[in-house]
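Here the structure is laid out as structure tokens; the discussion comes afterwards.
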């Protein structure tokens, strides 16, 4: 009896500045590709605080992101779509606190993602109680995220466009990645 090689687990991150459609894309892509959506922990966590977030809160968020990653190791699903990941958290540590816990760097190196979809800040800014950085700051953060992806050598595709065009650009990026990596 021939043993079948198990299907590889594929992890794709949707990242970028605030108000760039990350959650919308992650949900839509997980549906399109019959994958599993991994929600953004930071938003839910910060929304439930009755005080400003702290360095320790961001550490908790980073640790939860690692737990979310570890939950994918079982391979219950073939493809996972992460609504943000440690690259964003690392930049946030540096941006707000001017220091990054070593474990964040270690986990970025040791917990590989297959593809990053970097959302371009070409959508209108939509303020809400959790968002902090519109305007020029949003552009500066986009550049920081892109620089981090380049510095680590992580594979990424910039995703732009509005509405259906943005989704189709993301679908194409994932399709291209799957064809190149797995011939599918």
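Each value in this text was obtained by applying a stated rule to the coordinates, not by laboratory testing. Only a predicted model underlies this, so the values are computations on that prediction, with no experimental measurement involved. Ideal geometry is used to build each Cβ from the backbone, glycine not excepted, and the neighbour counts take in all protein chains shown.
So between residue 126 and residue 103, what do we pick up on full extension, going 0.36 nm a residue minus the alpha carbon distance?
Details: separation 23, 0.36 × 23 = 8.28 nm, distance 3.24 nm.
Going from the current span to full extension adds 5.0 nm.
So for 46, 58, fewest C-beta neighbours within 10 Å to most, what's the order? Spell out each step's value before the answer.
Numbers: 46 16, 58 22.
Going from least to most buried by this count: 46, 58.
Arrange the following residues from fewest to most other Cβ atoms within 10 Å of their Cβ: 181, 30.
The order, fewest Cβ neighbours first, is 181, 30.
Tell me what the chain gives for mean residue ellipticity at 222 nm when only DSSP H runs of n ≥ 4 count, each as -39,500 (n - 2.57), the sum divided by the residue total, rounded to 500 deg cm²/dmol.
-15000 deg cm²/dmol
Ranked highest first by average number of other Cβ atoms within 10 Å, how do 86-95, 61-70 line up?
Numbers: 86-95: 21.3, 61-70: 17.3.
In descending order of packing, they fall as 86-95, 61-70.
When 1/r is averaged over all different Cα pairs and the result inverted, which Kirkwood radius in Å belongs to the chain? Please report the intermediate quantities before stating the final value.
Working: mean 1/r = 0.0587 Å⁻¹.
After inverting the pairwise mean of 1/r, the radius is 17.0 Å.
By DSSP, what percent of the beta bridges with both residues in the chain are antiparallel, rounded to the nearest 5? Provide the component values of the computation, followed by the final result.
Numbers: 0 of 16 bridges.
Percentage antiparallel, nearest 5: 0.
Please work out the C-alpha center-to-center distance from segment 1-69 to segment 109-155 and express it in whole Å.
A separation of 14 Å, based on Cα centres.
Hey, fewest Cβ within 10 Å first, where do 166, 146 land in order?
146, 166
Explain nothing, just the number: relative contact order of segment 58-165, from Cα pairs under 8 Å at least 6 residues apart, as a whole percent.
Values: 68 pairs, mean separation 32.1, N = 108.
About 30 percent, as a whole number.
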